[in-house]
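Here is the structure we will look at.
The values are calculated or read from the model by the stated rules, or taken from the named source; none is laboratory data. Everything numeric here is computed off the predicted structure, so don't read it as measured data. Here the Cβ is made from the backbone with ideal geometry for all residues, glycine too, and neighbour counts use every protein chain on show.
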Ligand SMILES: Cc1cc2nc3c(=O)[nH]c(=O)nc-3n(C[C@H](O)[C@H](O)[C@H](O)COP(=O)(O)O)c2cc1C
């Protein structure tokens, strides 16, 4: 089984946190797993080792944040490289795929379009799509996980599904924060700003407002772009 962290924020990411939580349940069920993480603009592309890890897995768990209502570019790159690698390699038995997507907005449905993209990807590669956890305001769900059992139940549901022979795609599981929307909207802007700062520090590039290609923008310009695109409080 392979767990993919699709966030460039690495171990600080909510995506990583969700995978770590799931890993505990997997280990309790004696299911062995390994983790792969995306990297910012890998010069030589992903290693044969990384791509082969994805090839070998009988189950893939794809965890990623929502960026501009879709999959982050760094995560898309890993999927594209793996798709080419898998296409050129020997035929494999259909791998089962689950996704854990988390976003900044308070509605789990915000993630729906990104999941449609993942489903198309699975169909194109002959992977067996199972279902997704659509997590709204990921950091807030994490902050209240000790009092809100929905996340734990959802993780257990993935483990039970892995252990079953089910093959018909199941319904996605929406998870929204326990806290009221008015509080969530207040903290969201700050969380997004912090994430963006960490991404730029990790080497991610956003398109510059003045040039189509070129060096990444400064933090202020990036925040300005993000706020235009996503109506962040400025
Ligand atoms: C560049 C950027 C774009 C984002 N776009 C969206 C978006 O379109 N919709 C949304 O709800 N959240 C958006 N977010 C918020 C992230 O999805 C949210 O902070 C998430 O918890 C980050 O997950 P991670 O810690 O796993 O990277 C964006 C964040 C950044 C940094």
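Assorted remarks:
- Meets criteria (over 21 Å from residue 173 (Cβ atoms), free of Cβ contacts under 8 Å to residues at least 40 places away in the same chain and within 15 Å of the ligand (Cβ to nearest atom)) for residue 44: no
Table: residues versus (1) surrounded by 14 or more Cβ atoms within 10 Å (Cβ to Cβ); (2) in the same structural domain as residue 122 (by TED's automatic domain parsing); (3) under 21 Å from residue 129 (Cβ atoms); (4) within 11 Å of the ligand (Cβ to nearest atom).
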site	(1), (2), (3), (4)
11	no, yes, no, yes
49	no, yes, no, no
57	yes, yes, yes, no
92	yes, yes, yes, no
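- Criterion violated by residue 184 - all others in (1) under 24 Å from residue 57 (Cα atoms); (2) in a helix (DSSP H, G or I); (3) modelled with pLDDT under 85 satisfied: (1)
- Residues that are under 22 Å from residue 195 (Cα atoms) and in contact with a helix residue (DSSP H, G or I) (Cβ under 7 Å, 6 or more places away or on another chain) were ranked within the stretch 13-38; the one that is nearest to the ligand (Cβ to nearest atom) is 14.
- Residues located in the stretch 102-141, provided they are out of contact with any strand residue (DSSP E or B) (no Cβ under 6 Å at 6 or more places or on another chain), modelled with pLDDT of 95 or more and closer than 21 Å to residue 23 by Cβ: 131
- Output for the stretch 153-181, where each listed residue is farther than 22 Å from residue 97 by Cβ and assigned to a helix (DSSP H, G or I): 181
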